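Participant: First the structure, then my questions, so here it is.
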Amino acid sequence: MEYMTKEKRYNTLNAFYRHKFGEKVFKIPLNGGFSCPNKESKTLKGGCIYCTESGSGDFAGDKNDSLKEQYNKILQMMNNKWNGKTIVYFQANTNTYKPVDELRIMFDEAISLSEDIVGLSIATRCDALDEAKYNLLGELSKKTYLQIELGLQSINDETISFMNRGHNKECFERAVKELRKREIDVVVHIINGFPTDSYQDSLNIIKYLNTLDIQGIKIHMLHVMRQTKLAKIYLEKPFKLFSLNEYRDLVIDQLELLNSNIIVHRITGDSPKHLLIEPQWTLKKFIVMNEIDKKMRETNSYQGKKTTL
Ligand code: SF4
């Protein structure tokens, strides 16, 4: 449990970065003006039902600014509070969904924006990767520390269909293998709280991930956001969402199952207040994190406690 602290009984990203880079590291979210194959798909019509227009890019730079301008503006805001090295982060939509030559130019530019940049993080989908793109990522990983974030969200077939995810587990597994062949760190996104997922499904996805060679995980609560298909479904016929305490208990159960060598990048998500319909408690991100940390300490819980069960 190299990256566990007294307060946080799971491998925190902060401790991992401090160990790897010798100091505090911040992610700078840049917007490369990407779209998403799932949003553009004629058969799937509109992409994942919970996705907003920005594709999780609400906190990224302005896509109309150059990468340099975005980087400098965000750094300026952060430097009022923090100092340290940076990782440039392409988060909004699907950040390998462009021709490989354009990707090469963009990512090369991004990692050269400042001497403080120690890594590159790219969020994408397994079906927006092919041999040429894997090879490009392999090249990039020799120039800088590279993380690829892959959305999975659920492994329950009913949920995959309900959320209109547009790819299956096999596609995801292929991507993990190709990335690991090139020694690239893989970070997987999962979402808790789909009405089609049972509590056991949320534990099964952790057991499944433990069987794969992944290095990081981001755990989110399902957010019902305005202007999404999910909002329409929810407002017409509200379904049960986890309370804060239910979510806390589920995340602790998931962390206890999770392999002790995986880095936990997130245990709760962010969303812009004006777009969020439910659950409103997710806006209190630090309270959610504190509740999880507090209960883990009180119950002598820790990441990996039940991995072997
Ligand atoms: S893959 Fe990501 S960006 Fe694309 S529709 Fe789904 S959530 Fe949105």
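What follows draws every value from the coordinates through simple rules; no lab data is involved. As the structure is a computational prediction, the values presented were derived from the model and not from experiment. Counting neighbours? That spans all protein chains shown, and the Cβs are built from the backbone with ideal geometry, glycine included.
Participant: Please count how many residues of region 6-27 are free of Cβ contacts under 8 Å to residues at least 24 places away in the same chain, closer than 23 Å to Q76 by Cβ and over 19 Å from the mean Cα position of the chain (by Cα).
Facilitator: Residues in region 6-27 being free of Cβ contacts under 8 Å to residues at least 24 places away in the same chain, closer than 23 Å to Q76 by Cβ and over 19 Å from the mean Cα position of the chain (by Cα): 0 in total.
Participant: Continuing with the same structure: Looking only at region 90-122, which residues are farther than 11 Å from T144 by Cβ, away from the ligand (no atom under 15 Å from the Cβ) and not hydrophobic (A, V, I, L, M, F, W, C)?
Facilitator: Hits for region 90-122 are P99, D101, E102, R104, E109, S114, E115, D116.
A quick yes/no check of all residues on (1) within 16 Å of the ligand (Cβ to nearest atom); (2) in a loop (DSSP other than H, G, I, E, B); (3) surrounded by 17 or more Cβ atoms within 10 Å (Cβ to Cβ); (4) touching a residue at least 24 places away in the same chain (Cβ under 8 Å):
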residue: M4; (1), (2), (3), (4): no, yes, yes, yes
residue: P29; (1), (2), (3), (4): yes, no, yes, yes
residue: C51; (1), (2), (3), (4): yes, yes, yes, yes
residue: D58; (1), (2), (3), (4): yes, yes, yes, yes
residue: D62; (1), (2), (3), (4): no, yes, no, yes
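Participant: Quick one: which of I87, I122, I74 is out of contact with any Leu (no Cβ under 6 Å at 6 or more places or on another chain), more than 23 Å from H189 (Cα to Cα) and surrounded by 19 or more Cβ atoms within 10 Å (Cβ to Cβ)?
Facilitator: That would be I74, the only listed residue that is out of contact with any Leu (no Cβ under 6 Å at 6 or more places or on another chain), more than 23 Å from H189 (Cα to Cα) and surrounded by 19 or more Cβ atoms within 10 Å (Cβ to Cβ).
Participant: Taking the criterion of being surrounded by fewer than 18 Cβ atoms within 10 Å (Cβ to Cβ) and over 26 Å from K20 (Cα atoms), would at least one residue in region 140-150 satisfy it? Break it down stepwise before answering.
Facilitator: Of the residues in region 140-150, the ones surrounded by fewer than 18 Cβ atoms within 10 Å (Cβ to Cβ) are 142-144.
From what's left, over 26 Å from K20 (Cα atoms): none.
For region 140-150, residues surrounded by fewer than 18 Cβ atoms within 10 Å (Cβ to Cβ) and over 26 Å from K20 (Cα atoms): absent.
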